[in-house]
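All remarks here apply to the structure that follows.
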Amino acid sequence: MLRCVKPQRIAPQTYRIYGLNGAQEVLNAGCYSINYIDIKSRSAAEKDQNISRLLSNYNSKVNILNADKFVIKYNDLRTQGIMVSFDGKIKKQLPQFDDDKDIGLLLGDQITDPQNLGQIIRTAECSGIDGLIIPDRGSAQITDSVLQVSQGAFVSLPIYNCGNVQQALQQFKNKGFWIVGVENDSSGKLWHEIDYSGKVIIVIGSEGKGIRKLVKQNCDFIATIPMQGKINSLNVSAAVSAILFERQRQISTKV
């Protein structure tokens, strides 16, 4: 593994996810330990054929609750009539990435808003990026809220843990990776002029502070997305979407 400084030991944790999309992804994954599944009687979830098929694998874990009990238990959550509690490891330790295979990874530097992190996970999975790196300090961590916003994308997207970002980036560079930072910086290159193919790490920072100075110093290129309106910056998840789908466009046109 890449030797991040003092990475936290990753142990299984208990999570809850609700809604048809997220619940279906978790139940279909086969890699999580299901604690219980609460279903609201006569709800969209109970009527959904895909959910019904998956529930047949977890008969002893399924609780059918009448509408009053379900609403009392889950209050105003937009559950679509299903709540799944499960145990599992969402984050993994960074692998070696020693081979010459082209790979693209996204690294979040101090992304502290759980809503943004969940949206980034969803966008990253949809764009075909090979993994997301989340530092174990100074960043939002994996919570029920993050998983919910991701709409189940966390099941398919590898999410990696890292202790020291600067050291990890230096080790990536030693393995032949290019490091691209994304910043609202007039001295940077236009986002679509940078080559994201090959072995690349794309670094994004928080909306308020951007990429930290020491992290930015490890970047080989800075990509910038010029604003045309009166607002001078994009939401971080929107910027991620622009960069990652530009990468996907470049890769698809080279095939």
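Just a few scattered comments:
- Each helix, a run of at least 4 DSSP H residues, gives -39500 (n - 2.57); summed and divided by the residues of the chain, these come to -9500 deg cm²/dmol at 222 nm.
- For region 13-88, the fraction of alpha-carbon pairs in successive 5 Å shells from zero, as %: 3, 17, 32, 28, 15, 5, 0
- The antiparallel fraction among DSSP beta bridges confined to the chain stands at about 30%.
- Computed over region 66-171: relative contact order in percent, which uses C-alpha pairs under 8 Å that are six or more apart: 31 percent
- Taking every DSSP bridge with both residues inside region 128-254, close to 5 percent are antiparallel.
- Every pair of different Cα atoms in region 153-198 enters the Kirkwood calculation, which places the hydrodynamic radius at 13.3 Å.
- Segment Gln170-Ser252, extension gain: residue separation times 0.36 nm, minus the distance between their alpha carbons: 26.7 nm
- Hydrodynamic radius of region 124-212 per Kirkwood, over alpha carbon pairs, in Å: 14.7 Å
- Charge dipole (Cα centre; +1 on Lys/Arg Cβ, -1 on Asp/Glu Cβ; no other charges) of region 91-254 amounts to roughly 180 debye.
- Once C-alpha pairs closer than 8 Å and six or more residues apart are averaged by separation and normalised to the residue number of region 112-193, the relative contact order reads 32 percent.
- Put in line by how crowded their Cβ is, counting other Cβ atoms within 10 Å and starting with the fewest, Thr123, Thr14 read Thr14, Thr123.
- Cβ-Cβ FRET estimate between Arg53 and Ala29, R0 fixed at 25 Å, reported to 0.05: 0.95
- Each label was represented as a point 7 Å from its Cα along the Cα-to-Cβ direction; for Tyr36 and Gln115 these points are 3.0 nm apart.
- Between Val71 and Asp100, residue separation times 0.36 nm minus the direct Cα-Cα distance comes to 5.2 nm.
- Residue-normalised convex hull volume from the C-alpha trace of region 133-182: 106 Å³ per residue.
- Based on Cα contacts under 8 Å between residues 6+ apart, the chain shows a relative contact order of 22 percent.
Readers should treat all values here as calculations from the given coordinates under stated rules, not as data from a laboratory. Note that this is a predicted model, so its numbers are computed, not measured. Using ideal geometry, Cβ is built from the backbone for each residue, glycine included, and neighbour counts are taken over all protein chains shown.
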